[in-house]
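Taken together, the values in this text are just the output of simple stated rules run on the coordinates, not laboratory data. What you are looking at is a predicted structure, and each value in this text was computed from that prediction instead of being measured. Backbone-built Cβ (ideal geometry, glycine too); neighbour counts: all protein chains shown.
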């Protein structure tokens, strides 16, 4: 490890194989963490051997790398990798989250075979089984305005993600719809946008339909106004946005979102509102209180938080209660 003289015969067998591999003896690929191999000058045969033995998460994260090094030129390897990704037991063991699969799907280049991309969709169906079901009538309102086309992690030199804010909003809506078939999805920009979604379609299919809308200003109060106009009944409303709601901005105190929520509460006094602010700024559209929860940023844990709040297992003072319960 530190380059000093040593007795090579005294090394463990796996270390001997690794040292021989580094020296150019490529007939046997050592069973070591793949990161130890990828820094070396490898050819198609070595990359194919790595892909053949790769664990699930490593496979998901290196599809473009495999394509770049010719692994998918072998149709047998295409089937092997696709079967691995779609294997329900392997997906569960890997504890993969929907967002990780969305990122892999969005990042997969044109050289990644369709069979492999379809396998990611199959894996998504398994991963979303962990998205909780919610009791009562649920409305999910993804923001599909123009500003949602920005990368979810922001613009970073050399590290801009392929996943946009609108992709995350679409994923939340499609995942909740998959587990709650009676939920209604109300995409919005200036106004609510009519889109035909089938709860039986795959999560990736519905997410792509929503993400393909795009454009217009941001009007966070639009879905609530749409519901109020119909005096709709509901128990949970989930709004997913970047919260830059300029269309409905007015002078004076409060926001149009809060005004419309107050109207909705007249018809639905027990209803709860969840606002997911994908890119948190200094302001919110709805003030935190017993029936309103603001979530800043996004991770797959958001689904559990929404369900807990909807089922009244999580209140505005939840974290205070968690801290108070600790014994110091």
- Item | segment 99-159: C-alpha gyration tensor shape, a/c 1.5 cut-off, then a/b vs b/c | oblate
- Task: Using only Cα atoms, tell me the angle between helix 165-179 and the longest principal axis of the chain; keep it within 0 to 90° and round to the nearest 10.
- Result: 80 degrees
- Message: Under 10 Å, Cα contacts only: if you run a Gaussian network model on the chain, which one of 230, 68, 95 comes out with the highest mean-square fluctuation?
- Response: 230
- Expressed as a whole-number percentage, the relative contact order of the chain with C-alpha contacts under 8 angstrom and at least six residues apart is 13 percent
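Can you tell me which of 131-138, 231-238 comes out highest on packing, and rank the rest after it, using the mean Cβ neighbours within 10 Å?
The most tightly packed comes first, giving 231-238, 131-138.
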- Task: Figure the gain on full extension for residue 68 and residue 200 (residue separation times 0.36 nm, minus the Cα-Cα span) and round it to one decimal in nm.
- Result: 44.0 nm
- Note on the structure: Rounded to the nearest 500, the 222 nm mean residue ellipticity computed for the chain from DSSP H runs (n ≥ 4, each -39500 (n - 2.57)) alone is -12000 deg cm²/dmol
- Note on the structure: Restricting to Cα pairs under 8 Å and 6 or more apart, the percent relative contact order of segment 1-74 works out to 22 percent
- How far is helix 256-267 tilted, in degrees, relative to the longest principal axis of the Cα atoms in the chain, given as a value from 0 to 90 rounded to the nearest 10? 70 degrees
- Shape call for segment 127-199 from the C-alpha gyration tensor, a ≥ b ≥ c root eigenvalues: rounded (a/c under 1.5), prolate (a/b greater than b/c) or oblate? oblate
- Rounded to the nearest 10, the angle in degrees between the Cα long axis of helix 75-86 and the longest principal axis of the Cα atoms of the chain comes to 40 degrees
- Query: Using the per-residue mean of other Cβ atoms lying within 10 Å as a proxy for protection, in what order, highest first, do the peptides 214-227, 2-15 fall?
  - Reply: 214-227, 2-15
- Query: On full extension of the chain, what length is gained from residue 35 through residue 10, given 0.36 nm per residue of separation minus the C-alpha to C-alpha distance?
  - Reply: 6.5 nm
- Go ahead and run the numbers for FRET between residue 263 and residue 161, Cβ-Cβ distance against an R0 of 51 Å, rounding to 0.05. 0.85
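Would you work out the relative contact order for segment 134-324, in percent, from Cα pairs under 8 angstrom that are 6 or more residues apart?
Rounded, it is 22 percent for segment 134-324.
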- Which order do the peptides 202-208, 294-300, 170-176 take when ranked by the mean count of other beta-carbon atoms within 10 Å per residue, highest first? 170-176, 202-208, 294-300
